[in-house]
Amino acid sequence: SLEQTINRNAMEYHCDLIVMGTKGKSGLKKTFLGNSAAAVIRKSAIPVLTVPEMAFFNGINDIVYATDMINPEQEFDLLLPLAKIFDTRIHIVHVHRPDAEPGTDPALLAQNFKIKFNYAKIEGRNIMNTDVKAGIEEYLKSGGIDMLCVFSGKRNFYERIFEKS
């Protein structure tokens, strides 16, 4: 399959990043479901950067790091070198379902990361929404965001059975 070939070659050539174009899609739902880039992202052991068709590079000033708060420190550690290259502001965004128990506050996490990683351009935002994709998309529409960064995680058998989103 396409995703196996891309991932096999990326590993064979010791690539640090896979860059793929996306075409004819709009919105997070269409971007992440049912296309070749999504299949590569799901199977990849290395980061994948997807670039929408007709995208124009005008620098990277603001990155949204959308997190499920499971491994934020490890994920942030991978994102930070890119942010430093462009002196980018990082928005730590967590979509919190109204019926879920309160977890780690992204604003508090941002304050801790400013100190731990010695990087001042970090802010955190908790978004209340029953739908994670809709919550992220709503934040992106607020404007000024140049890149969305998400990490895919391996879920265990029980998480896959019982997950709602």
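The values are calculated or read from the model by the stated rules, or taken from the named source; none is laboratory data. Since the model is a prediction, treat every value here as computed from it, not as a measurement. When we count neighbours, we look across all protein chains shown, and the Cβ atoms used for this are built from the backbone with ideal geometry, even at glycine. SASA here: full protein model, heavy atoms, side chains in, ligands and nucleic acids out. Shrake-Rupley method; radii C 1.70, N 1.55, O 1.52, S 1.80 Å.
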Cα-projected label distance for Lys141 with Ala39, points at 7 Å along beta-carbon direction, nm
3.1 nm
Share of carbon and sulfur in the accessible heavy-atom surface of region 1-126 [1.4 Å probe, %]
54 percent
Amide hydrogen neighbours beyond the local backbone of Tyr65, cut-off 5 Å, H modeled:
His91, Ile92, Val93, Cys149
For Ile90, what is the net charge nearby, where nearby means another residue's Cβ is under 14 Å from its Cβ and Lys, Arg count +1, Asp, Glu -1?
-1
Hey, which aspartates and glutamates would be in cross-link range of Lys114, C-alpha to C-alpha under 13 Å, not counting anything within fewer than 8 residues on its own chain?
Glu73, Asp77, Glu123
Quick one: 3J(HN,Hα) in Hz for region 101-115, Karplus 6.51/-1.76/1.60 with θ = phi - 60°, rounded, Gly and Pro as x.
5, x, x, 5, 7, x, 5, 5, 4, 4, 4, 5, 5, 4, 6
Give me the dipole magnitude in Debye, nearest 20, for region 55-100 about the Cα centre, with unit charges on the beta carbon: positive for Lys and Arg, negative for Asp and Glu.
160 debye
Sites Ser1 and Glu53, calculated FRET efficiency, Cβ-Cβ separation with R0 25 Å, nearest 0.05
0.65
Once R0 is set to 30 Å, what does the formula 1/(1 + (r/R0)^6) return for the Cβ-Cβ distance between Val19 and Arg125, expressed as a FRET efficiency to the nearest 0.05?
0.60
Using 24 Å as the Cα-Cα cut-off, could you pick out the over-long pairs in Lys23/Lys84; Lys23/Lys141; Lys23/Lys43; Lys43/Lys84?
Lys23/Lys84; Lys43/Lys84
Specify whether the C-alpha gyration tensor of region 102-151 places it in the rounded, prolate or oblate class, a ≥ b ≥ c being the square roots of the eigenvalues: rounded for a/c under 1.5, otherwise prolate if a/b is larger than b/c and oblate if not.
oblate
